[in-house]
Every structure is written in structure tokens, then in C-alpha cells.
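Before any comments, here is the structure.
All of the numbers you see were taken from the coordinates with simple rules; none came from a lab. Small disclaimer: the values here were computed from a predicted structure and weren't measured. Every residue, glycine among them, receives a Cβ derived from its backbone with ideal geometry; neighbour counts consider all protein chains shown.
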Amino acid sequence: FYQLLANPVKVTGKTYGAVIMVWDITEKNAAEQMRREFSANVSHELKTPLMSISGYAELIENGMVQPADIPEFASRIHQEANRLTALVQDIIQLSKLEEGTSQMQEEVVDLYELAEDIGATLHHAAKKKDITMKIEGATQEITGVRQILYEMLYNLMDNGIKYNVEHGILWVRMWKTTDKIYWQVEDTGIGIAKEEQERVYERFYRVDKSHSRQTGGTGLGLSIVKHGAALHHAQIRTESQPGQGTKITIGFPLDPI
Ligand code: ADP
């Protein structure tokens, strides 16, 4: 997209020529459109669980639910409220990331320790599906924003459980080369088709909407990974085949920010 501005050059009433200015506004338009789409998506995504919550509550209020079914309805309300909480947290996280690093504290972070912490937090979810978590490697320190690095790895490991098969395996590996530190999360799950591998990093993009909803996903996890990687000047590589599992590798420069 181009914006064109033409100004005649006049001196004492006589036109000598014209100044033509051309701006490339492709990026500006794309950014504006993304913002508009994001707001529309946010309101849609927030409304869905809110409408379920008020719908279920109304049914109970009007005596339309058998007493025996009330625990089931309460549990659905609880689930939808949790979804809403996760959504709001992810939206706040994404907007913080977009603001940049100004208010974000950099520190030395041990990626291995982070993986162990997250592994402990996700232990219960993994156990439910009988997934074996294998954290391989040792202390790897980089300078970065701890909270963002935590969110990134949390989302990757959480996906590695959510989209894994029962009795599957989730590997988290980290290693160092002369100029980079690598993080890798691999699962034995459902995989992502080639044509979806870029799109899954878009906000609210899900391969299978109903499955993702069931698993409690917000559709924002991988966008947080993408933004967080960009903030640390890291590169992401996605390798996956449907039915064969997914491997996501992030390469951080040794001095990332
Ligand atoms: P969600 O909250 O839905 O998990 P994400 O942004 O984390 O959102 O992921 C976007 C979509 O990418 C998911 O809905 C899922 O379809 C797909 N996806 C992400 N990680 C994996 C994975 N490890 N294996 C298979 N599919 C995945």
C-alpha cells in the first residue's frame, strides 16, 4: 500500500513543478489491521466463556436443573471461569511483551532450573495422561527476562502435554554451542501439519478449535513464545508431522538482549 501526496510548487502564482511524496504504508496498514483483528478476537474469546457462565447460572437460578445435576453445572462454571482467568492473564502478558523491555528486569536465568520448576508445576497434568517428562541437560545461564522465559517454556511444555498421546513422552533439552544456547521441547503427540506450522504462532489460531477448547487452551500460548523469542533475539524452529509428534527448538544468542 502506498500513500501519495502531490504538492504543486508555486512561486508568485506561477507553477514551477510539483513535489511528489510516496510513502510505503504497507506495514502501518498491516499493523493496524492486526490490532483491529486482535480486539475483535479478544472480545469474542472473552464473551464465549462469559456467556456460558451466565447461561449455566441462569438455568440453576430458574430451577431448570435437577438437584443431582447441580455439581456438574457448577464444575462447568468453574472450568469456564478458569478459562477466562487464563485468557486475561495471557492477554496481559502479550500486551506487556508488545510494550517492550522498558519495565522488564533483566537477570541471569538458569534455563535448566526453570525447566525443573515448570516440570514440577505440570507434574499433575502429565501424570493424568501418564506422560513421562524427561529434562535433559544441565545448568545453562542466559541474561533475559525471567518471567517471559518462564511463560515461554511453560507454554511449550504445557502444549507438549495437552497435545500428547496417553502414555507419551515429553523431552526438554538444553545445550550450548560456541554462540548459542538451545532449548528444545519435543513430544510424541498429535503433531502439526506443515501448512499449519507457521499459523499456530498467530494469536488465537488453533488447529482444532474444539479440541483446544476442551484442553483449556487460550490460543495465545505460542504467540507469547514467538514474541518472547523476538524480545530475546532468539530463533524458533518447528519440526513436526501429524501423528509423529512435535519438536520446537529455540536458539538464544549468548547475549540475548
Ligand atoms: P492453545 O492455547 O490452543 O494451546 P497455542 O498458541 O499454545 O494455543 O497453540 C496454538 C495451536 O497450535 C493449538 O491450538 C494446537 O492446535 C497447536 N499446537 C500447539 N502446540 C502443539 C503441539 N505440541 N502438538 C500439536 N499441536 C500443537
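Positive end of the dipole of the chain, charges at C-beta (+1 Lys, Arg; -1 Asp, Glu), about the Cα centre: which of 68, 135, 230 has its Cα farthest in that direction?
230
Given the -39500 (n - 2.57) contribution per DSSP H run of 4+ residues, what per-residue ellipticity at 222 nm results for the chain, rounded to the nearest 500 deg cm²/dmol?
Calculated mean residue ellipticity at 222 nm is -15000 deg cm²/dmol.
Greater than 21 Å separation of Cα atoms is the criterion. Which listed pairs, 129/247; 129/176; 162/247; 96/180; 96/127, meet it?
From the list (129/247; 129/176; 162/247; 96/180; 96/127), the Cα-Cα distance tops 21 Å for 129/176; 96/180; 96/127.
Antiparallel versus total DSSP beta bridges in the chain: what percent is that, nearest 5?
Of the beta bridges lying entirely in the chain, close to 90 percent run antiparallel.
Pick out, in residue order, every one of the chymotrypsin sites (Phe, Trp or Tyr not before Pro) in region 135-199 that is DSSP loop and has at most 12 other C-beta atoms within 10 Å; say none if there are none.
none
Which of rounded, prolate, oblate describes region 42-163, given a ≥ b ≥ c as roots of the alpha-carbon gyration tensor eigenvalues and a/c under 1.5 marking rounded, otherwise prolate only if a/b is larger than b/c?
Oblate, since a/c reaches 1.5 and b/c is not below a/b.
Among 158, 130, 69, determine the one that fluctuates most according to a GNM of the chain built with springs between C-alpha atoms less than 10 Å apart.
Of the options given, 69 has the highest mean-square fluctuation.
What does the convex hull of the Cα atoms of the chain come to per residue, in Å³, rounded to a whole number?
208
Tell me the GluC sites (Glu not before Pro) within region 158-257 that lie in a loop according to DSSP and have at most 14 other beta-carbon atoms within 10 Å.
166, 198
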